[in-house]
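Asker: Handing you this structure, nothing more for now.
The values are calculated or read from the model by the stated rules, or taken from the named source; none is laboratory data. Treat the numbers as computed from the prediction; the structure is a model and nothing was measured. We place every Cβ from the backbone using ideal geometry, glycine too, and count neighbours over all the protein chains shown.
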Amino acid sequence: MMEVISIFWDLVVESAPWLLAGYLLAGIIKQVIPSSWIEKQLAEPGMLPVIKGAFIGAPLPLCSCGVIPTALAIRKAGASKGATSSFLVATPETGVDSISFSYAVLGPIFALFRPIGALVSAIIAGTLVLLFDKEEAPVAKAASSGGSCCASKKQEAVVDERSLGQRLVAAVQYGYGRMISDTAKWLAIGLIAAALITSVVPQSFFLQWGDGLLAMLIMVAVGLPMYICATASTPVAASLLFAGISPGAALVFMLTGPATNIATMGVIREQLGNRSLIAYLAGVIGTAVACGLILNQLYASFGWPLQLSMEEHGHGFPVWRHLLGVVLVALILRVWIQPPLQRLFSHSRPAEQA
């Protein structure tokens, strides 16, 4: 038990500076890129919005749960099925917070290949949806016209009038508030699972499946129904690597897990149809496996070493990193502690006034 706690805390301390920086950058991006601009870019016919959907979605600070309402909004604003699918893949598969976390836990190679794989996966999935699920007519834009459009423009005007200081405060509130609220549960699950797998599962456990296609298909089966965000999938992937899976199989897990959970698949089936869902899954899974095979080949050809922070658990960290770890844990715990406290105070105030 003490070993699990030690590994868990080392992982928290290792990742805290990168996660906190990533959450802040996510908040800044949220303030810089208005939602109405995203909707406008993707509400066009053809292949270009599919590519735009991937590149716009990749850095956005949205997890597996947060991307669904945003994707529905751009769909109602006139985005094609292909553009919506591309956005729906790229956004949860990667982001500024998960890239920085990947660099801290998995090293620079994964930090580079993860967003590249996410972009390629999103474009291919969106293209397959565009090709195999032709739309009979453009999506009606009634919901995005009239009062709704005016409201969007008015909202943009309000954002534009804010000072730099006000925007920075809003970025901090979003990054360390809404973003952590959206990811706290899954990040905690990911860190705990990583500590358990690292301490309990023998390092050679996954070697029985080899390092080729079979291991990757097993990772697809594990990641396909899992409801996990990109940030939370990172420590789990690191623990799987530590337990013996290949780098390519770990990449497959990180690409399929966030983009193919049950909730997302249900929304795609309901809003875009069965043909889009099949094309979506084919694009995500096929591209993930292909990227995994390529990454394995590159590791073998160039002799790249794995750079896992989990292998170094037990080594000392400076005090400032432990303090940042405390800050990160406090922000995560606030997600669960704050609501009951607010309810408690809201119930006690009327009694005091009486």
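Asker: Determine whether VAL335 is modelled with pLDDT of 80 or more, within 22 Å of ARG114 (Cβ to Cβ) and surrounded by 14 or more Cβ atoms within 10 Å (Cβ to Cβ).
Answerer: No; evaluated as a whole, the condition is false for this residue.
Asker: Of the residues VAL284, VAL326, which single one is closer than 19 Å to LEU187 by Cα and modelled with pLDDT of 85 or more?
Answerer: The match here is VAL326.
Asker: Yes or no: ASN296 within 28 Å of LYS81 (Cβ to Cβ) and in contact (Cβ under 8 Å) with a residue 40 or more places away in the chain?
Answerer: Here the answer is no, as ASN296 does not meet what is asked.
Asker: Separate question: Criterion first (assigned to a helix (DSSP H, G or I) and modelled with pLDDT under 90) does ILE99 satisfy it?
Answerer: yes
Asker: Among ALA221, ALA282, ALA232, which is the only one that is assigned to a helix (DSSP H, G or I), under 14 Å from the mean Cα position of the chain (by Cα) and among the small types (Gly, Ala, Ser)?
Answerer: Only one candidate passes the filter, namely ALA232.
Asker: Filter the range 90-115 down to the residues that are of a type in the set (A, V, I, L, M) and touching a Ser or Thr at 6+ places or on another chain (Cβ under 8 Å), then identify the one that is surrounded by the most Cβ atoms within 10 Å (Cβ to Cβ).
Answerer: Here the residue is ALA90.
Asker: Something else about it: Surrounded by fewer than 24 Cβ atoms within 10 Å (Cβ to Cβ), without any contact (Cβ under 8 Å) to a residue 60 or more places away in the chain and under 21 Å from LEU11 (Cα atoms): does that describe ALA243?
Answerer: So ALA243 fits the description; yes.
Asker: Further question: Exactly one of (1) out of contact with any Cys (no Cβ under 7 Å at 6 or more places or on another chain); (2) at pLDDT 70 or above; (3) not β-branched (Val, Ile, Thr) is unmet by ALA151. Its number?
Answerer: Here ALA151 clears every test but (2).
Asker: Which of the residues belonging to the range 68-97 are touching a Leu at 6+ places or on another chain (Cβ under 6 Å), farther than 10 Å from ALA54 by Cα and aliphatic (A, V, I, L, M)?
Answerer: Matches in the range 68-97: ALA71, ILE74, ALA79, VAL96.
Asker: Also, quick follow-up: Take the range 197-233 and flag every residue that is modelled with pLDDT of 80 or more and under 15 Å from ILE7 (Cα atoms).
Answerer: Residues satisfying the conditions do not exist here.
Asker: Give the residues of the range 1-47 that are touching a Gly at 6+ places or on another chain (Cβ under 6 Å) and either surrounded by fewer than 17 Cβ atoms within 10 Å (Cβ to Cβ) or modelled with pLDDT of 75 or more (or both), sorted by residue number.
Answerer: VAL12, VAL13, ALA16, TYR23, LEU24, GLY27, LEU42, ALA43
Asker: Are any residues in the range 12-31 within 19 Å of the chain's Cα centre (by Cα) and of a type in the set (A, V, I, L, M, F, W, C), and if so, which ones?
Answerer: Once the filter is applied, which keeps residues that are within 19 Å of the chain's Cα centre (by Cα) and of a type in the set (A, V, I, L, M, F, W, C), the range 12-31 yields VAL12, ALA16, TRP18, LEU19, LEU20, ALA21, LEU24, LEU25, ALA26, ILE28, ILE29.
Asker: How many residues does the range 251-267 hold that are assigned to a helix (DSSP H, G or I) and either in contact (Cβ under 8 Å) with a residue 60 or more places away in the chain or in contact with a strand residue (DSSP E or B) (Cβ under 8 Å, 6 or more places away or on another chain) (or both)?
Answerer: Adding up the residues that qualify gives 8.
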